[in-house]
Amino acid sequence: MAMDPKNEQVSFDYHALFAQAGEAIFIHELPSGKVVDLNEAAVKMFGYERDELIGTKNDKIFISQAPFSATAAMRVMRTLQKGQTLCKEWLVQKVDRSTFLTEIIARKFESGERTYVVVYARDISRRKEVQEQYERLFNVSGAMVCIADLKTGKYIKLSPAFTEVLGYSEKELMAKPMTSFIHPDDRKRTEALIGEMLERSVPVMQFENRYLCKDGSEKWLSWKARAIHDEGIAVAMAYDITDRKQAEIERELALESHRQERDKMATIVEQMGDGLLVIDRSGTVELINKMGALLIGRSRQKVIGKHYSKMLKMVFEKNRKPADGFIQLMFEKGNRRQLTNHALLLLPDGEELPIAVSAAPQTDAEGKVIGGVIVFRDVSEEREIDRLKTEFVSVATHQLHTPLTGIKWFIEMLLTGRGGKLLDRQKEYIEHIQESNERMIKLINNLLNVSKIESGTPFIVQKEHLDLMEMVRKAIADNIEAANDQRVRVKKCKHAPKRFMVSADRNKLQMAINNLLNNAIRFSHPGDEVTFGCEPLTKTANTATIYIRDQGIGIPKKEQAHIFEKFFRASNALTHAPEGTGLGLYVAKAVIEGHGGALTFESKKGKGTTFYIHLPLTREG
């Protein structure tokens, strides 16, 4: 190459290159450092005219960062004089005194006897601004952002969130391959996923794994990673999802527990000794257990999806009328209903099976009935045991009744003096024997009544028109001695009518009233009152109601449901009056129901009890 001595410009052909270059290009001559040429891009970038820069040392535009330095360009030249290539970011100044950041690349070359430097300048202000924004985002982001080297597998750069979440310092995290911090159980799976990403088969990878924290705890992280193969790095972002994952685990454990509980309940239902039907609100069978299908005599496939009334055909034993009305009542009232030992299940083969059956509602969260559970069982064996027991009681009581009657006759003979005059002490002993014998006869009579009740024909009532108030007066007379001994006053209420006509069996109804009055006296305290009363009649009334109210010991609330069961005695009754059979109320209820009536009560422990006798009313014409 040759130089033109007149203008000191380089004479080789580089103008085509200048015309195509996007960067600003300056050519300096050494050792003076003066600009001998520049391209159009340089003119446009810096705003100076070409002639303003030719022959200068670029001290108009180069600034060494903050304060302006006229020797900035000379420092560049000295570097290049040593034969070094310079690559540096430099703050430069335009003609309007504004500044911007440029990337300077300078190279020294020789041409003939002269030495030159080519300086390339590129405006990187925007790139620098973007980079700074990226750095800010990287450092302040709440996410765990990282850059890793694909060869070493180590972190190159980490956001502060890494140290906050995992507890390690940045130095500790960058000292080891990133996989060394992964939980051992997740390590192989994560390495396989990273391998797929590195092989370019999956450009962007999303996955979850556990990391080991410095304090020994574990953190679940959700990752999104991308490999940039040209630069040999991977960029990834992670979020701490430990709380969410823990909630998922707890939810799964709860579901598993629910599944186990459901399976346990299913096993219990399936192995039940009782038959079980689950029905929806319309009565359609949704489930039947093994025993249920066996008792009904149909396969499950034929039962499920059908209406319960078609599969569970029940009638009352006494009158053969349909006995499934209690199920509809369960739906209407929303409470448990049952039939005990009074129903027959009609089987497909024509057989009849005695059953005890109950129905309980199923409700939703708002308490609305959405279905029901019907439980039924075969009571054939219980029926046979009850029959044998009833027969035994009947035979035993009949056999006992005759000698007791004989004993009663001989006692009366002795007390009337037919066997000779008795000493006072002898008469006292015989009276005690008479009292014990009467109790025994009363017990036998009660057992006979129970035997009749349980035989299936409890009472053949011989009805006649009776004055109920007359029977009340007789009951008071029959029990006046017991009342006096207990120091209890028995009276009728002021509003009781003189006559109260009913249709009833005199002896049986009198026995029931006497039982109730005797109980009221026995379970009262000395000085208490027992009152006979009646509810006022209306012109349209068809039921007569009398009541017997005492001020005695009352019935504990939790025991009231059992008060009409045979042989049952309340806990406080056992303490107050140890003697008793627990048959009086059972018999009284059966007698009154045998007359088409009902026996009900109200009671509060320590405050007394009121029994109500409801009987069909007979109006005198």
Next on the checklist: For the range 489-506, check the following and say yes or no: at least one residue is of a type in the set (S, T, N, Q) and within 28 Å of Leu574 (Cα to Cα).
Outcome noted: no
Item to check | Residue in the range 230-248 that is surrounded by 10 or more Cβ atoms within 10 Å (Cβ to Cβ), hydrophobic (A, V, I, L, M, F, W, C) and outside any strand (DSSP E or B) present | outcome: yes
Next on the checklist: Out of Thr600, Thr610, Thr575, I need the residue that is out of contact with any Phe, Trp or Tyr (no Cβ under 7 Å at 6 or more places or on another chain), β-branched (Val, Ile, Thr) and surrounded by fewer than 20 Cβ atoms within 10 Å (Cβ to Cβ). Which one?
Outcome noted: Thr575
Next on the checklist: Quick check on Gly621: is it surrounded by fewer than 20 Cβ atoms within 10 Å (Cβ to Cβ), modelled with pLDDT under 85, touching a Phe, Trp or Tyr at 6+ places or on another chain (Cβ under 6 Å) and not in a helix (DSSP H, G or I)?
Outcome noted: no
Next on the checklist: Of the residues Leu212, Leu193, Leu166, only one is surrounded by 15 or more Cβ atoms within 10 Å (Cβ to Cβ) and within 15 Å of Cys146 (Cβ to Cβ); which?
Outcome noted: Leu166
Checklist entry - Checking Lys264 against (1) in contact with a Phe, Trp or Tyr (Cβ under 7 Å, 6 or more places away or on another chain); (2) under 30 Å from Arg298 (Cβ atoms); (3) among the basic types (Lys, Arg), which single condition isn't satisfied? => result (1)
Checklist entry - If you take the residues of the range 283-305 that are in a loop (DSSP other than H, G, I, E, B) and under 30 Å from the mean Cα position of the chain (by Cα), which of them is nearest to Val375 (Cα to Cα)? => result Asn289
Checklist entry - Any residue in the range 505-528 that is more than 53 Å from the chain's Cα centre (by Cα), in a strand (DSSP E or B) and not aliphatic (A, V, I, L, M)? => result no
Item to check | Output for the range 455-475, where each listed residue is in a helix (DSSP H, G or I) and either modelled with pLDDT under 60 or surrounded by fewer than 18 Cβ atoms within 10 Å (Cβ to Cβ) (or both) | outcome: Glu470, Arg473, Lys474
Item to check | First in the range 235-258 and assigned by TED's automatic domain parsing to the domain that holds Leu158 and over 15 Å from Phe162 (Cβ atoms), second anywhere and in a helix (DSSP H, G or I) and among the small types (Gly, Ala, Ser), Cβ under 9 Å, 6 or more apart | outcome: none
Next on the checklist: Step by step: first the residues of the range 27-57, then only those that are free of Cβ contacts under 8 Å to residues at least 60 places away in the same chain and of a type in the set (Asp, Glu), then the one that is surrounded by the fewest Cβ atoms within 10 Å (Cβ to Cβ). Which residue is that?
Outcome noted: Asp51
Checklist entry - Among the residues of the range 89-99, how many are surrounded by fewer than 16 Cβ atoms within 10 Å (Cβ to Cβ) and modelled with pLDDT of 70 or more? => result 6
Checklist outcome for this item: When (1) out of contact with any Gly (no Cβ under 7 Å at 6 or more places or on another chain); (2) touching a residue at least 24 places away in the same chain (Cβ under 8 Å) are applied to Tyr155, the one that fails is (2)
Item to check | Considering residues of the range 554-588 that are assigned to a helix (DSSP H, G or I) and free of Cβ contacts under 8 Å to residues at least 40 places away in the same chain only, the residue farthest from His614 (Cα to Cα) | outcome: Thr575
Checklist entry - Within the set of pairs 6+ apart or on separate chains, which have a first residue in the range 169-185 that is under 18 Å from Trp223 (Cβ atoms), a second that is among the charged types (D, E, K, R) and assigned to a helix (DSSP H, G or I), and C-beta atoms under 9 Å apart? => result Thr179/Arg187; Thr179/Glu191; Ser180/Arg187; Ile182/Glu191
Item to check | Entirely in the range 146-214, the helices (runs of 4 or more DSSP H) that have 2 or more residues that are more than 46 Å from the chain's Cα centre (by Cα) and either modelled with pLDDT under 90 or not polar (S, T, N, Q) (or both) | outcome: 170-175
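The values are calculated or read from the model by the stated rules, or taken from the named source; none is laboratory data. All figures in this text were calculated on a predicted structure; none of them were measured in a lab. Heads up, the Cβs are rebuilt from the backbone with ideal geometry, glycines too, and the neighbour counts pull from every protein chain shown.
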